[in-house]
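The values are calculated or read from the model by the stated rules, or taken from the named source; none is laboratory data. All figures in this text were calculated on a predicted structure; none of them were measured in a lab. Cβ placement follows ideal geometry from the backbone for every residue including glycine, while neighbour counts extend to all protein chains displayed. Quick note on the areas: whole protein, heavy atoms, side chains included, nothing else; ligands and nucleic acids left out. Shrake-Rupley method; radii C 1.70, N 1.55, O 1.52, S 1.80 Å.
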Amino acid sequence: MAFIKKKERSKERFSLLLLDLEEYYFEQHTAYQLNSNNAAQKRKNRGSLKICSKSIIFEPEQIAEPILKIPLRDCKKIEGVEENDRNPFNEGRPVEIFIECQQVYLIKESNVVGPYKIERGDSSFFFQLEVSRKTEDVVQTLLQLHRASCLDKLGDQTAMIAANLQSRLARTSFDKNSFQSVSEKPHMECEAEMVTPLVTNPGHVCITDQNLYFQPLNGYPEQVVQIMLHSVRRIYKRRHGLRPLGLEVFCTENDLCSDIYLKFYNTKDRDELYYYIATFLENHMVEHTAESYMLQWQRGHISNYQYLLHLNNLADRSCNDLSQYPVFPWVIADYTSPELDFLNPSSFRDLGKPVGALNKERLERLLARYRDMPDPKFMYGSHYSSPGYVLFYLVRVAPECMLCLQNGRYDHADRMFNSIGETWKNCLEGATDFKELIPEFYGNDPSFLENSLGLNLGKRQGGKMVGDVVLPPWASDAGEFLQKSQQALESQYVSEHLHEWIDLIFGFRQRGSEAVAAHNVFHPLTYEGGIDCDSIEDPDQKIAMLTQILEFGQTPKQLFSTPHPQRITPKFQSMSRTPSQNASLGELSPVSPSEDSSFEDLTEESKKLSWSNMSKLKLVSSHKIHKEAITGIAVTRGGSSVFTTSQDSTLKMFSKESSTLQRSMSFSNMALSSCLMLPEDATVVCSSWDNNVYFYSIAYGRRQDTIMGHDDAISKMCWRDNQLYTASWDSTVKVWRCVSTDVSSNKRSQFELLAEFEHDAGVNTISLNPAGTLLASGSKEGTVSIWDTTNFVLLHQVQCHSGTIHDMAFSPDSRHVLSAGEDLSLRVVDVQTGMLISTVTTDEQQRCFCWDGNTVLSGGQSGDLLVWDMMAAKVTDRIPGHSGAVTAMWMNEQCSSVITGGEDKQIIFWKPHY
């Protein structure tokens, strides 16, 4: 799930979720729990003693032993115990900590996540710190925190703990030894808290000219969190706890998962940091507006799913803040039929009404109560999004969050998320249930629907244990449920009506008379600006009010004050088609097919004409769309949309007709090395230096599959007849079977490894012959290998170059292979004999090329395009192009259009002029 960290700490059982809500973890000490009062028989249980603002937590090293959580408010006595000896040098210092309490929580016994066990009654505990000189300080800290926890008024407790926290922060500062480089120049330092679901962790923020750092006061979960400024993609100011104190930073194009969420103690610090980071982002303030996203969505450039994520982000919704978690609509209304009919409007929920107004009888009862209610009136006593509702859906993957929210207990088994159909029915009929969905219902990870952790979630009436979520009859498994939910969200019906739901949640029907008319009125405290917490003088009342609002749920920030336009759906029909009816991107976009489509029937003579005029190539337009060198170019069949990869780790979608950047996606923080378009123009495949291959759905606007295929960077890919060939610096080329129709239809794809070609050095490039029966590979040591792809055997291996091979390609008749190397040469190998038959020396490295068997169009290190006559072994023309090396080249099938990419971060469109 979005906020669940994939990289779990291997053996650590402690988590900040073991603390109470609004509790801080201050410090930890290696300690021993002493299990007997008899000094001669004391058994030491080694572990970590954690001092928190409202509790003492002891985490034993022995995994079979439970974690002890002792609430400070339940402690009857805390004192230091002096060693009972006559050593004159002891000076009467305490060496043990004695705690007497009325109840203790036992958590994660044998490391099993489950409801906390509570032992009530007087208990005594002795702890001995490994560094005994710290004992007296720890005892004094515990006594101070104990006094705070025993204060009658909650406001006084909070103030005393806050004073303790601020004192600790004031006594410490950011450790500049944590800088990644000694040359870094600090810009500002301040105190802040890192926000994760249900948890805030205080510490120090420092930003330099290169990095943003956060150093937790307690050193947990790591000593320092580092964000490289050049990797930042987007930043958002956030409203946290109803105050403008939050800042969220994203280093990928993934709108669900940010890299850090910080809550500052004053708005000035937040804003200064925001504007400093914003200087590193190109057009940051212009690109990310509701209106710009609305236009992209309206014209079909981004999917419904993407658009909703963007709106949630702009409306202060974050996966790190469960009180403002992204909200998505119920769109399917049929959870009983054996088949789901996307052509039947009754299969869908009425998106023009809030959940509370979908059932006419229930609405009439609610309206009768509303009319009799004194001001301020509201129709619904609960919200459509709250922390409880989010964890209701996610309890199977985030059980510790649920236990934290509910004081160590799960909800009653019959109130759990047991069935999708039952949940929908209750949202239609329940007196207080008006909840919407979360993004996970339209994602690719079905784990939140499966009890794969084997959690004991209780027993329902009738004796059945709570297990996996019961799915509708039309879904055979959780994966199919998500797939059909995605199809429903992108369907024609939803695309035509989604603007109505946006009006309710983010738009002009969110509040005021339009909200009343739409039966969309919630408690006034849930709206932005509904209450000014800073104006409440009574601290107890202020804390109670804030807690109520955070737990009850919050309405998103209003983004639109006028009716939201409808989507232009005729150009968007393929979004709602079945997988067997995939369409090209040309049908998704409002732009008309390019002039290239009229050349689909060019004869071989026409191609020869294009090549004979290659020296008359003219620059049509150039566009700087990346932040680092271009590494790959893929184009839709009609030529209307161009996809490019770059060392800046992004995949970009560029409209040739409108000359605008339409999409930007990032799958990791490492460079993308190449890209290709699958048949039907529905999916772009990207290879990465992070060893993975990513499949990006153009229709759904998101990553839909990943192959974790190699042990080092993937350098190049080829595709033919449902087989993907991947070359890697790990010295292998792998052949995968993956059915393109399955991939493009957003099915859960099965990638079968068919073969693995071993090399003596890293493979830098590969190429298939036109028939797909031969594969040529070029290594970092200059070796050309030719493989038979029908039976996966090596035919020839030729040492052609004295260094890395940059690019290679078969001639159209498959008789020859041309390779370009860093040793300043172009070399031709005869495929039948494996002999090196031609060598042409170059003045500069040629990084990429296209050829017709004799004439070569190559991109040089200088940025120029060169036209070569291989028979004459010379350059016939030099065409000025990029200001840095040409790193990628694409030519259409008719040889009538060329696109190049370079180290100057530009793509250039070329046309031969006859």
So which residues in segment 333-374 are closer than 25 Å to Glu496 by Cα and of a type in the set (Ser, Thr, Tyr)? Tyr335, Thr336, Ser337, Ser346, Ser347
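May I ask you to verify whether Tyr696 is out of contact with any strand residue (DSSP E or B) (no Cβ under 9 Å at 6 or more places or on another chain) and over 28 Å from Leu794 (Cβ atoms)? Give the steps one after another, and end with the answer.
Details: out of contact with any strand residue (DSSP E or B) (no Cβ under 9 Å at 6 or more places or on another chain): no; over 28 Å from Leu794 (Cβ atoms): yes.
Here the answer is no, as Tyr696 does not meet what is asked.
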Can you tell me which residue within segment 548-570, out of those that are hydrophobic (A, V, I, L, M, F, W, C) and modelled with pLDDT under 80, is most open to solvent (accessible area, probe 1.4 Å)? Ile568
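Conditions tested, residue by residue: (1) crowded, with 17+ Cβ neighbours inside 10 Å; (2) acidic (Asp, Glu); (3) modelled with pLDDT of 95 or more; (4) within 21 Å of Tyr213 (Cα to Cα).
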residue	(1), (2), (3), (4)
Lys263	yes, no, yes, yes
Ile277	yes, no, no, yes
Met294	yes, no, no, no
His310	yes, no, no, no
Asn313	yes, no, no, no
List the pairs whose first member sits in segment 611-631 and is acidic (Asp, Glu), whose second member is outside any helix (DSSP H, G or I), and whose Cβ atoms are under 7 Å apart, counting only residues at least 6 apart or on separate chains? Glu628/Ser646; Glu628/Gln647; Glu628/Asp648; Glu628/Lys905
Any idea which residue in segment 95-151 is farthest from Leu455 (Cα to Cα), counting only those that are open to solvent by 20 Å² or more (accessible area, probe 1.4 Å) and touching a Ser or Thr at 6+ places or on another chain (Cβ under 6 Å)? Val95
Of the conditions (1) among the charged types (D, E, K, R); (2) surrounded by 18 or more Cβ atoms within 10 Å (Cβ to Cβ); (3) free of Cβ contacts under 8 Å to residues at least 40 places away in the same chain, Arg415 fails just one. Which one is it? (2)
Quick check: anything in segment 357-367 under 30 Å from the mean Cα position of the chain (by Cα), hydrophobic (A, V, I, L, M, F, W, C) and open to solvent by 30 Å² or more (accessible area, probe 1.4 Å)? no
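With respect to Ser811, determine if the residue is under 25 Å from Pro912 (Cα atoms) and hydroxyl-bearing (Ser, Thr, Tyr). Walk me through it before giving the result.
Numbers: under 25 Å from Pro912 (Cα atoms): yes; hydroxyl-bearing (Ser, Thr, Tyr): yes.
In short, yes.
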Scan segment 92-112 residue by residue and report those that are touching a strand residue (DSSP E or B) at 6+ places or on another chain (Cβ under 7 Å) and either among the polar types (S, T, N, Q) or more than 18 Å from Phe126 (Cα to Cα) (or both). Gln102, Gln103, Ile107, Lys108
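Search segment 667-685 for residues being polar (S, T, N, Q) and crowded, with 23+ Cβ neighbours inside 10 Å, and hand back the single one that is farthest from Ile227 (Cα to Cα).
Residues of segment 667-685 polar (S, T, N, Q): 668-669, 673-674, 683.
Filter once more, keeping what is crowded, with 23+ Cβ neighbours inside 10 Å: 673-674, 683.
Numbers: Ser673: 23, Ser674: 26, Thr683: 31 Å.
Per the criteria, the residue is Thr683.
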When (1) touching a residue at least 60 places away in the same chain (Cβ under 8 Å); (2) open to solvent by 40 Å² or more (accessible area, probe 1.4 Å); (3) farther than 30 Å from Pro446 by Cα are applied to Thr789, the one that fails is (2)
In segment 388-400, the residues that are open to solvent by 10 Å² or more (accessible area, probe 1.4 Å) and over 15 Å from Val466 (Cα atoms): Gly388, Tyr389, Glu400
Counted residues, segment 420-468 - those being under 29 Å from Val112 (Cβ atoms) and among the basic types (Lys, Arg): 3
What's the total number of residues in segment 208-244 that are part of a loop (DSSP other than H, G, I, E, B), of a type in the set (Phe, Trp, Tyr) and open to solvent by less than 20 Å² (accessible area, probe 1.4 Å)? 0
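Out of all the residues in segment 438-454, which are open to solvent by 20 Å² or more (accessible area, probe 1.4 Å) and charged (D, E, K, R)?
So the first thing to find is which residues in segment 438-454 are open to solvent by 20 Å² or more (accessible area, probe 1.4 Å), and the list is 444-445, 447, 450-454.
Asp445, Glu450, listed by residue number.
Of all helices (runs of 4 or more DSSP H) completely enclosed by segment 467-540, which ones contain at least 1 residues that are out of contact with any helix residue (DSSP H, G or I) (no Cβ under 8 Å at 6 or more places or on another chain) and of a type in the set (A, V, I, L, M, F, W, C)? Break it down stepwise before answering.
Numbers: elements: 478-489, 492-505, 513-517.
Of the helices (runs of 4 or more DSSP H) lying wholly inside segment 467-540, those with at least 1 residues that are out of contact with any helix residue (DSSP H, G or I) (no Cβ under 8 Å at 6 or more places or on another chain) and of a type in the set (A, V, I, L, M, F, W, C) span 492-505, 513-517.
In segment 469-517, which residues are among the polar types (S, T, N, Q) and either free of Cβ contacts under 8 Å to residues at least 60 places away in the same chain or open to solvent by 10 Å² or more (accessible area, probe 1.4 Å) (or both)?
Start the filter on segment 469-517 by keeping residues that are among the polar types (S, T, N, Q), which leaves 476, 483, 485-487, 491-492, 495, 510, 513.
Across segment 469-517, the qualifying residues are Ser476, Gln483, Gln487, Gln492, Gln510, Ser513.
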Those residues of segment 159-189 which are acidic (Asp, Glu) and outside any loop (DSSP other than H, G, I, E, B), in sequence order: Glu189
Here is a list of conditions, (1) touching a helix residue (DSSP H, G or I) at 6+ places or on another chain (Cβ under 8 Å); (2) modelled with pLDDT under 95; (3) within 30 Å of Gln406 (Cβ to Cβ), and Gly219 meets all of them except one; can you say which number that is? (1)
Of all strands (runs of 3 or more DSSP E) completely enclosed by segment 806-865, which ones contain at least 2 residues that are among the aliphatic types (A, V, I, L, M), open to solvent by 50 Å² or more (accessible area, probe 1.4 Å) and at pLDDT below 95? 836-841
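Among the candidates Leu403, Leu457, Leu428, which residue alone is crowded, with 21+ Cβ neighbours inside 10 Å, over 18 Å from Leu482 (Cα atoms), more than 28 Å from the chain's Cα centre (by Cα) and touching a residue at least 60 places away in the same chain (Cβ under 8 Å)?
On the way: Leu403 fails: more than 28 Å from the chain's Cα centre (by Cα); Leu428 fails: crowded, with 21+ Cβ neighbours inside 10 Å.
Residue meeting the stated conditions: Leu457.
Just to be sure, is Gly203 among the small types (Gly, Ala, Ser), assigned to a loop (DSSP other than H, G, I, E, B) and either at positive phi or open to solvent by less than 40 Å² (accessible area, probe 1.4 Å) (or both)? Reasoning before the result, please.
On the way: among the small types (Gly, Ala, Ser): yes; assigned to a loop (DSSP other than H, G, I, E, B): no; either at positive phi or open to solvent by less than 40 Å² (accessible area, probe 1.4 Å) (or both): yes.
Judged against the criteria, Gly203 is not a match.
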Would you point out the residue of segment 628-654, among those that are in contact with a helix residue (DSSP H, G or I) (Cβ under 8 Å, 6 or more places away or on another chain) and open to solvent by 10 Å² or more (accessible area, probe 1.4 Å), that is nearest to Thr683 (Cα to Cα)? Arg637
Which one of these is free of Cβ contacts under 8 Å to residues at least 24 places away in the same chain and assigned to a helix (DSSP H, G or I): Asp152, Asp137, Asp156? Asp137
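Counting just the residues of segment 23-41 that are in a loop (DSSP other than H, G, I, E, B) and at pLDDT 90 or above, which one comes out surrounded by the most Cβ atoms within 10 Å (Cβ to Cβ)? Spell out the reasoning first.
Initially, segment 23-41 is screened for residues in a loop (DSSP other than H, G, I, E, B), giving 23-24, 35-38.
Right, trim to at pLDDT 90 or above and you get 23-24.
Numbers: Glu23: 17, Tyr24: 24.
Top of the filtered list is Tyr24.
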Residues in segment 248-259: is at least one under 17 Å from the mean Cα position of the chain (by Cα), under 15 Å from Asn320 (Cβ atoms), open to solvent by 20 Å² or more (accessible area, probe 1.4 Å) and modelled with pLDDT of 85 or more? yes
Applying the selection to segment 159-171, what residues are open to solvent by 60 Å² or more (accessible area, probe 1.4 Å) and polar (S, T, N, Q)? Gln166
